[in-house]
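The values are calculated or read from the model by the stated rules, or taken from the named source; none is laboratory data. Since we're looking at a predicted model, the values are computed, not measured. When we count neighbours, we look across all protein chains shown, and the Cβ atoms used for this are built from the backbone with ideal geometry, even at glycine. All accessible areas refer to the heavy atoms of the entire protein, side chains included, with ligands and DNA or RNA removed. Shrake-Rupley method; radii C 1.70, N 1.55, O 1.52, S 1.80 Å.
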Amino acid sequence: MTEKQDKTHMEDIILNAVRNGPEVDPPADLTRRIMGRLHPKRPSVWTRLRLWLLQPWVVAVRPVTAIPAMTLAVALLVLGFAAVREPAGNGLPGLAPVRFILHDAGMHARNVSVVGSFNHWQADRSVMWYSPEARAWVLEAQLPPGDYEYLFLVNGNQFVPDPNAPMSSDDGFGHKNSIVFVNGKNEQAL
């Protein structure tokens, strides 16, 4: 016999035993024992939270207690906003001013951008402007503390390291990237 025939023969034997076996009544307390072991399903945390939030609430407010509570709440809000507010000249909290300068006395460049690790090397995010007084391309930025590699992108196709940068790093492709160090207050030069 093959394995399939053995399996079919065994199933036939089991079916005949069940059909021809004696009929026995279940114990009287079988239903009670089974139902006693079943526990109701507990709703999820989100369902319980939703039900709690949708439950109606009664709030009784008396003017004697509401006026001091409102006064305290307004005072805390005013103090909170006053503590968080920075003076107007300091810029955004946690950022430091950084000035990038590329001297171009002969005005050879048509446009210059700063690309670097602080702007994911995207030229459109840090476009410089030309200062006739300084005869240089200038960008003033606000950066969080850290050290950043950068280059000047001249005329959209020429990468130029900052000749005034005190430090540079090999970019892994045979070129040098300039490095600027920023602490919590300002740009750092070595």
### Message
How much accessible area per residue does the chain have, counting only protein heavy atoms and a probe of 1.4 Å, in square angstrom?
### Response
81
### Estimated [θ] at 222 nm from DSSP helical runs (n ≥ 4, -39500 (n - 2.57)) normalised by residues in the chain, nearest 500
-10000 deg cm²/dmol
### For log10 I(q)/I(0) by the Debye sum over Cα atoms at q = 0.11, 0.16 Å⁻¹, calculated from these coordinates, the label among (i) -0.77, -1.05; (ii) -0.54, -1.07; (iii) -0.63, -1.04
(i)
### Query
Counting only protein heavy atoms, what percent of the accessible surface of the chain is carbon or sulfur at a 1.4 Å probe?
61
### Query
If packing is taken as the mean number of other Cβ atoms within 10 Å per residue, what is the order of 56-68, 119-131, highest first?
119-131, 56-68
### Summary
Listed by chain and number, the aspartates and glutamates with an alpha carbon less than 16 angstrom from that of LYS176, same-chain partners under 8 positions apart left out, are ASP147, GLU149, ASP162
### Task
Over the chain, calculate the relative contact order: mean separation of alpha carbon pairs under 8 Å at least 6 apart, over the residue count, as a percent.
16
